[in-house]
Structures are given as structure tokens and as C-alpha cells.
Amino acid sequence: MIKNCLMGFMVFLSLQNSFAQTPKDSVQYTLQPITISATRLTEPWIEIPLAVTPITGFDLKQKKGYGLDEVLGIVPGVLTQSRYGNQDVRIAIRGFGARGAGERSNAGTSRGIRVILDGFPETEPDGRTSFDLIDLAGIERIEVIRSNASTLWGNAAGGVLNLSSNISFENPFAHLQLSFGSFGYRKEAINFGTFVGNGRFFFSMSNTNFDGWREHSGSNRAFINTGIVSPLGERTTLGVFLTGSSNLFRIPGPLTQQQFDANPQQAQDDTSNYKPTYVQRDERRFNRLGRLGVRLSHDLDENNGITFSVYVSPKYLQRSERNTFRDFNRYHIGGNFTYQNRWVMNDKIKNIFLLGTDEAYQDGAILFYSLVNGSRGGTLKTNKREGANSFGIFLQDEFMLNNFSLVLGARFDDLTYYNEDYLNPKLSATKSFSRITPKAGITYRFSQMHSVYANLGGGIEIPAGNETDPPSTFGQDTLTSLNPLLEPIRSITVEVGTKHIIVFENNFLRTLTYDAALYYIDVRNDIVPYNGGRFYFTAGRSRRMGAELGMTIQSTYGISLQCAFTLSDNIYREYIIDSMYYNNPGKYSDLKNNKIAGIPEMMYKSTLRYSPTFFTNLFAEMSIQGLSKYYADDVNSLSVPAYNILSSVIGINAIEIFKDKLLINGFIGVNNVFDKSYAASAFINPDYDQLKQNPIFLEPGLPRNFIGSLELRWDI
């Protein structure tokens, strides 16, 4: 069925030329151009030979505003799962970021996807990303590269999330937002921006509290984000950005199927599953961190420009995890430099050349203590230094001839891990990875509103720091602190797609915008877990193929429809488990042709919105989203059921209170209208109970819940 659907999708792409000849595609309306900067160039969306989805305006507003799942669900190819209803979100793009192993399925972090905020990386040198410094209240725009972006961003085989704060405002503003909801949810947020001389200053602050639906799942976060961007001359611009967060959230843990059926609200507190349990050890994360970043842009002349940025990010992280109390003191520093040349011969022949380098270094002390009643005990178990350095240099050239664009690029990356054990110095080790990744892409523009594209690119994803722990099934075999069995994940992506904006004249429909893509990914050196994730091994090869469609329809009668649909087929082509690591030498299991765990074959979201033409300040919205069942383990013995969830919102937008300056926004929403019981997420390759009979893997989703918000806006 999936192959038939993919063939049908290819036929759809082949018909694009005939669609391009439709007379009504000629533009009679003035449309705001769609530009993208996540490719490290500011370019029209139509020209980029990659699957890219921008999220702006209303799609970022009228939300609960706690987790990225609230806004990324409408992006095809992106799987977002809220684990407990807060900011702890599991994100995967085309399957990258989906892997995990029991309790090593890290809480509050993602892998394989590059996350950028205001031009500075949230992603650490080893590829892990935490979401502590991301708050939707101050975000003005998100760009999602759904395709392989390693040649531009390095460790980004899955794609890129590029988030921008509200720094490009045209007029000063001040916003105060109060939100409230079920299970003790409340949020206060302040945003304002003003001109300082010729520059712009913005400030965003929020405080979020959530008691949680499940037991032992409460969270609270204080967040601040501010910055100033100012010209230093006709050709030079300086930007200074400061952000910080204090984030505490508790983790209820996964449930067995029996626990899920009996009482999904419970936390994991059964000593036959874990001893001590999640409740007994007060499983939690308490992260306090910040970042100061400086960016300088200078135009050498009309055709040449450079950008230089540096940042420093101190982090103090505490957690109760896997029966230890852990202290992390880290500092993350880095910067980048880019040079850009734009050459124009005439209207038909143009060229853009990009050269740049990235440097990121993270280091710090790690202390593991005994855990006593959920708190730090008096016994020091581990005292080590753990660091990583990532260096990359890249170049790209884009040549445009008439309606054709050809993009060629390559990047060299070098990553080094440092691990120094102070209690057992013999275990100290250093390990390095390096690789060159190329890419090529071509775009043909039928018009300024319609294009087709194809690209071929290499990808790289290095093992995350906590995946480099050495094999320790045989205690005497731990001879080094870094796993010698790991290599970077290498991938090759082939992608074809189309982007089209259609404007209708004198019709029920006003505009139709769609973005469709077909991809095939060959992945080598898949990192797979052994012995419940006690260590990882480079042993796999997989194939991922899929079709994605994103579409937005606007009517002249205040009705709009937004849809995202993804169909994929993801299998292991090589995957042999050597059972010697299970004390059973000479035996193995061949998992060839098994489905890749954690990736549903189908997922979708559709949102219908109505704002009456006679009162455009009022709106009502209904959305449905769901996904197919998927496997939670590589053996394909555990399946997570499919679900379909309906949500609705009604609200007001920009109602004038005082002289067109003081405005009010507000909404009331219901999520999971029919109160469905479903697993919102799952532990991948989970642990089993002490009798090795029941897997502990299900994370229940929120039942029916309500959300309300009121915002006062003063636009000066």
C-alpha cells in the first residue's frame, strides 16, 4: 500500500508542469514574499532545493505556549510527542531523533536535529539539544528544514529548527499575556520592543507552572530573553543577545500495559519494575543555564559581506537519574564566521557564493553521588571531566541561469570527545571523528510562485555523549571511558519536491499554497542499543523512504484549511544482534527488514479555521491529528497503538479598546475533546520488569483538558 501511495505521489509531481500552465496562477494580488534564512542565506522559499516549512503569525499564537509540539504538528515529516504535557518534547524529522533505549531515552533533549535560536546554537557539540532556552511567548518565526542539512550545519542529518525572536518589529509594542488551564497550568508572559536610537531592543520574560495530570509530573520554568540590534554605520550591524532559564520538571516514568490500562494517571512506583522507583528516587531535572551571544555583520561592498558571532553558555544541571544524584557544571562556548558573495551579470545570470566555519566547545565537571531518599547522598561514585569540541568548515555555490538554479556544496567536520576520570585515571580517553559531506541541488522555477526541485546530499550524525559509554556487561571489560565500538551515522538523501502558491481571481478560494516532497534515505552505521541500552553499538543499516504534503487553503469567506500529511516506510537493511553480550556466545538474531522503532508510517494534522468576514476579530478553530501504530522496539514485538485526537479553539483577535493602540486577544480551547485514552509517547527499546515479562514503555497522553488565555497589546 505504501509503495502504491508513493508511486501515486510521483505521478503528482510529474503533473506539475501542466499545473503551472493554469492561467489563474498569474498573480493579481500583492502577496508578502516568503523568505528563508535557515539555509544561512536569505532566499525566497520557492528557490531553495530543500523541503522547508516556515511557521509565522497566527500559527504561533493562540497556543498553550509550553512545548514545541503545539506548533510543529502542522509540519509534514516532523514527529512531535509531548511526553508529560510540558516542554519535554520528543522530536524526530524523517526518523532522525527517534532512537532511544529504555531510561537512556533522554528526558528534555533531542538528537540528530540542529536547533538555532536567533542565530546561536541550542544544540551542543555532540548533537544533543535541550529545550530549556526556548519559549514560544517570544518567538516570532520558526523555519523547519525537513531535509538533510549536514553540509550547512554539520551534525544535522535530520534537519534544522531555526527560531527567531521578535526583533524585526516595525513599531514599538508591549504585550502582557496571562494563560491558565487544566491540571494547574498557568503562565505569565511579558514581551516588549522599542527603538533605541537607530537600533531595536526587545525583551521577553515568562513564568510557567504546571502541576501535571500524572502523579509526579509537575514542572515550573522561569525564562528571560532579551537583545538589541543596532547599526554601527551604513554597512555594519551589531547584535547582542542574552537568554536564561531556570527549569525544574519531574518525571513520572513509563508504565507497563497493565498499569496503563488500570490507571494511566499514576507514576511509575512499582518496585517490581524499578527499584527504587521513579517516585522513590524523585526522578527530576533541575536545569539552570544562560547564554550571551554577540553577532557582527558587515557589508564590504554591494556584493560582499561577512558575519561573525561568538557566544558563551554556562550551565548548572542537577538531576536524579538511574539511582544516582548527578551534578553537571558545564560551559559551552563557540562562534562562527561566514563570507557571502553575490554576483549579478544581468537579470538572467546570478551567482551566490558562501564560505564559513563553525566552532563549538563544551567542557565541565560531572559528579555522581549516591541517592538517598531522592537527594544527594554522601558517597561520591563518579568524578570526571567530560568535553567535546566540534569544528566545521563549509562552502556552497549557487548558480542561477534563467529559471534554473544549481547548488553545490561540501562541509568538513571534526569532532573530538574528551573524558578524564579522576577516580580511575586509567579509564581516561580521547576519541575523534571526522568526515566530509557533499551535496547538490537543482531548482526549476515555472514562475515566481511555482518551482520543482531535486537534491542529493550526504549527512552525518555523531553519537551523543551519553551514548559513548563503554560496554560494561562484563565488568572486567571496561578498559576505557569511551566506547570503541561506535562510528558516526552516515546517510545519503535523495529528494524531489515542488512548492506552489496559487492565487485565484473572483472565486470562492483566494489562495492555495502547497509543499510536497518525496525522499529516499540510505543510512549506514546506525547506532543501535544492546542489553537494554546499557551500551550502544554501530551495527545497523537502514532505509527510509516517504512522501510529505503540506497545504494551506484560504477562502474569500473567512474559511481556511491547513493540512500536513506524511507517509513513510522505514526498515533495517542490516542489523545483527551478537548475543555474546548477553552471555550466550555464538548465537545472534538477524533483524533485517524489521521496522525501525519509534517511527509511525503515517501521521497527519488538519486544522479548519473560520473568521467571519463581517467580524474578522472573531475566530473558531478545530483540528484533528493522529498517527498510525508503530513499534517501540527493534525486535518489533511491542507496538504503540494508533490514535486520533480532536481539539477546538474559539477566540478574539486584535479587538480595539483604546484608539487603535490598546488591543486585546484571547481564546478558550479544549484539547482531546472526546477524552481519548492514548499513549502520547513511548520509551524505545524499553526495560522489562524484574521477571523479564512486562515491558515498561508507555507514556500516557493528557485526557480532555482546557486552556484559556488573555493578552493585552499596546502597539505604539
Contact list, first residue from segment 369-392 and without any contact (Cβ under 8 Å) to a residue 60 or more places away in the chain and closer than 19 Å to Lys426 by Cα, second anywhere and in a strand (DSSP E or B) and of a type in the set (Asp, Glu), beta-carbon distance below 8 Å, six or more apart or interchain, is Thr382/Asp421; Asn383/Asp421; Arg385/Asp363; Arg385/Glu420; Gly387/Asp363
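Against the definition (touching a Ser or Thr at 6+ places or on another chain (Cβ under 6 Å) and not aromatic (Phe, Trp, Tyr)), how does Ala174 come out, yes or no? Spell out how you get there, then give the answer.
Working: touching a Ser or Thr at 6+ places or on another chain (Cβ under 6 Å): no; not aromatic (Phe, Trp, Tyr): yes.
Considered against the rule, which asks whether it is touching a Ser or Thr at 6+ places or on another chain (Cβ under 6 Å) and not aromatic (Phe, Trp, Tyr), Ala174 comes out as no.
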Return a yes/no flag: does segment 369-387 have any residue that is surrounded by 16 or more Cβ atoms within 10 Å (Cβ to Cβ) and closer than 23 Å to Lys350 by Cα. no
Filtering segment 329-365 for residues that are surrounded by fewer than 18 Cβ atoms within 10 Å (Cβ to Cβ), over 26 Å from the mean Cα position of the chain (by Cα) and outside any loop (DSSP other than H, G, I, E, B) leaves a count of 10
Of the conditions (1) modelled with pLDDT of 80 or more; (2) not in a strand (DSSP E or B), the single one that Pro484 does not satisfy is (1)
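Taking the stated definitions as given, is Leu608 modelled with pLDDT of 95 or more, farther than 21 Å from Pro695 by Cβ and surrounded by fewer than 17 Cβ atoms within 10 Å (Cβ to Cβ)?
Working: modelled with pLDDT of 95 or more: yes; farther than 21 Å from Pro695 by Cβ: yes; surrounded by fewer than 17 Cβ atoms within 10 Å (Cβ to Cβ): yes.
Against the criterion (modelled with pLDDT of 95 or more, farther than 21 Å from Pro695 by Cβ and surrounded by fewer than 17 Cβ atoms within 10 Å (Cβ to Cβ)), Leu608 qualifies.
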Within segment 693-716, restricting to residues that are more than 17 Å from Gln257 (Cα to Cα) and touching a Pro at 6+ places or on another chain (Cβ under 9 Å), the one that is modelled with the highest pLDDT is Pro703
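Which of the following residues is aliphatic (A, V, I, L, M), under 28 Å from Ala51 (Cβ atoms), out of contact with any helix residue (DSSP H, G or I) (no Cβ under 6 Å at 6 or more places or on another chain) and not in a loop (DSSP other than H, G, I, E, B): Leu415, Leu371? Steps first, please.
On the way: Leu371 fails: under 28 Å from Ala51 (Cβ atoms).
None of the others qualify; the one that does is Leu415.
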Output for Cβ contacts, cut-off 6 Å, separation at least six or different chains, first residue modelled with pLDDT under 80 and in a helix (DSSP H, G or I) in segment 566-594, second surrounded by 13 or more Cβ atoms within 10 Å (Cβ to Cβ) and among the β-branched types (Val, Ile, Thr), reads Tyr581/Thr473
Tyr84: passes all of (1) part of a loop (DSSP other than H, G, I, E, B); (2) at pLDDT 80 or above; (3) surrounded by fewer than 22 Cβ atoms within 10 Å (Cβ to Cβ) but (3)
Apart from one, (1) modelled with pLDDT of 95 or more; (2) surrounded by 17 or more Cβ atoms within 10 Å (Cβ to Cβ); (3) aromatic (Phe, Trp, Tyr); (4) within 28 Å of the chain's Cα centre (by Cα) all hold for Phe683; the odd one out is (1)
Take Phe286 and tell me if it is loosely packed, with under 15 Cβ neighbours inside 10 Å and within 28 Å of Asp327 (Cα to Cα). yes
Sole miss for Ser168 among (1) over 15 Å from the mean Cα position of the chain (by Cα); (2) within 27 Å of Phe202 (Cβ to Cβ); (3) assigned to a loop (DSSP other than H, G, I, E, B); (4) in contact (Cβ under 8 Å) with a residue 40 or more places away in the chain is condition (4)
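The values are calculated or read from the model by the stated rules, or taken from the named source; none is laboratory data. Source: prediction; values computed, not measured. We place every Cβ from the backbone using ideal geometry, glycine too, and count neighbours over all the protein chains shown.
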